[in-house]
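Please treat every number below as a calculation from the coordinates, not as lab data. Quick caveat, the model's predicted, so the values are computed rather than measured. Every residue, glycine among them, receives a Cβ derived from its backbone with ideal geometry; neighbour counts consider all protein chains shown.
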């Protein structure tokens with residue numbers, strides 16, 4: 001998809017509302033509110049926001065929290081932990097871009113000749 005096409009889709013979404021799953025959630029929440037209000041007794045009317053799911057309520061996890069969550073799920077499923085316990089960042093320090101225990105790789109300089 002080109003940059004121009006992406007820009008066109010973004011402009012279209014600004015005019016017509018969200019596309020995909022977010023729009024489906026909104027449409028279904030309106031339908032649920034209408035059905036609820038048609039079948040309710042006396043009292044407060046239901047609003048579409050009462051039926052709209054709230055996604056991403058959890059805090060953003062850092063890599064240590066993700067690793068702890070994966071270890072917990074692994075233990076619950078009866079898996080084995082093949083990493084070196086207690087060395088969460090690998091053997092040579094904490095580098096969140098590397099898997100625990102993965103070796104650090106050096107980049108070769110292109111201009112250096114041996």
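Counted by neighbouring Cβ atoms within 10 Å, the residues 60, 40, 71 run from fewest to most as 60, 40, 71.
Note on 28, 77: ascending count of other Cβ atoms within 10 Å places them as 77, 28, the fewest first. What the Cα convex hull of segment 3-50 gives, in volume per residue, is 68 Å³.
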